[in-house]
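Laboratory data are not the source of any read-out in this text; all were calculated from the coordinates shown. Quick caveat, the model's predicted, so the values are computed rather than measured. Neighbour counts are summed over all protein chains in view; Cβ atoms, including those assigned to glycine, are modelled from backbone coordinates with ideal geometry.
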Amino acid sequence: MVIGIDMDDTICSTNERIIIEADKYDKEVLGGSGIKNIDAYEFTEMMGWPSEMKGQFFADKLEHIMDNAEIKENAKEVINKLHDEGNKIVFISFRKGKYIKDPYLLTKNWLDRNGVHYDKIYVDTGSKVDECISENVNLFIDDKESHCEDVASAGIDVLLFTNAYNHDEKRFRRVDNWNQVYDYVKEKNNG
Ligand SMILES: [Mg+2]
């Protein structure tokens with residue numbers, strides 16, 4: 001089976017790292033008191049920042065954030081096991097060059113440093129459906145509803161990885177952790 005996998009908030013906890021770094025940035029660089037409203041849906045509202053501050057923060061910190069995002073529990077173990085069992089692993093990330101010098105190298109270095117085995121990496125994608133089609137992806141895993149929607153519309157099986165913002169989404173089969181991904185692939189391979 002060919003498995004297409006998103007990076008941010010699917011294999012690594014990028015959003016959690018953004019919040020930690022924004023809190024630090026507000027205190028250390030902007031002289032503020034950190035997060036204003038932890039329950040806010042909008043990032044700038046959470047930080048109490050004017051909208052242009054978000055761009056400045058990402059320009060200063062996004063590369064560092066992605067480089068330091070923690071791998072999700074059991075992600076390495078499950079992906080490497082699936083790879084050892086003969087599945088092809090393709091990472092497909094929306095990461096773009098706007099705030100990052102080299103999104104491919106950043107992603108490759110992170111995967112290598114975290115000991116994750118894979119066959120191919122795509123970055124700077126559009127909707128991700130083109131990469132899924134050209135790689136003959138059988139199963140696609142992403143935390144973003146719009147990517148799942150586009151890929152599913154091409155007739156490809158998708159799993160929505162739960163994140164802090166997608167709890168209300170009901171259209172796709174949901175996984176909360178990597179062990180559930182493994183069980184689903186086993187079920188699909190045997191079915
Ligand atoms: Mg993502």
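Points worth noting:
- Remark: C-alpha extents of the range 53-104 on the principal axes read 45, 20, 13 Å, sorted largest to smallest.
- The alpha-carbon of K36 sits under 20 angstrom from the alpha-carbons of these aspartates and glutamates, leaving out residues fewer than 8 places away in its chain: E16, E21, D23, D26, E28, E45, E52.
- Percentage relative contact order, the range 14-68, counting C-alpha pairs under 8 Å, at least six apart: 34
- Using only the C-alpha atoms, the convex hull of the chain corresponds to 116 Å³ per residue.
- Note on K170 and I38: their simple-model spin labels are 3.0 nm apart, each label 7 Å out from Cα toward Cβ.
- Protection proxy ranking, peptides 9-20, 107-118, average beta carbon neighbours within 10 Å, highest first: 9-20, 107-118
- Cα centroid separation, the range 138-176 to the range 32-50 (Å): 27
- Dipole in debye (nearest 20) - the range 14-68, about Cα centre, beta carbon charges: Lys, Arg +1; Asp, Glu -1: 100
- Taken along its three principal axes, the alpha carbon spread of the range 14-68 comes to 26, 21, 18 Å, from the longest extent down to the shortest.
- Our summary gives the chain a relative contact order of 24 percent, counting only alpha carbon pairs under 8 angstrom and 6 or more residues apart.
- For the residue pairs K108/K188; K120/K170; K27/K96; K54/K144; K54/K101; K144/K170, the alpha carbons lie more than 23 Å apart in K108/K188; K120/K170; K27/K96.
- Here the Karplus relation 6.51 cos²θ - 1.76 cosθ + 1.60, evaluated at θ = phi - 60°, turns the backbone of the range 171-184 into coupling constants of 6, 10, 5, 10, 10, 9, 7, 6, 5, 5, 5, 4, 4, 5 Hz, with x for every Gly and Pro.
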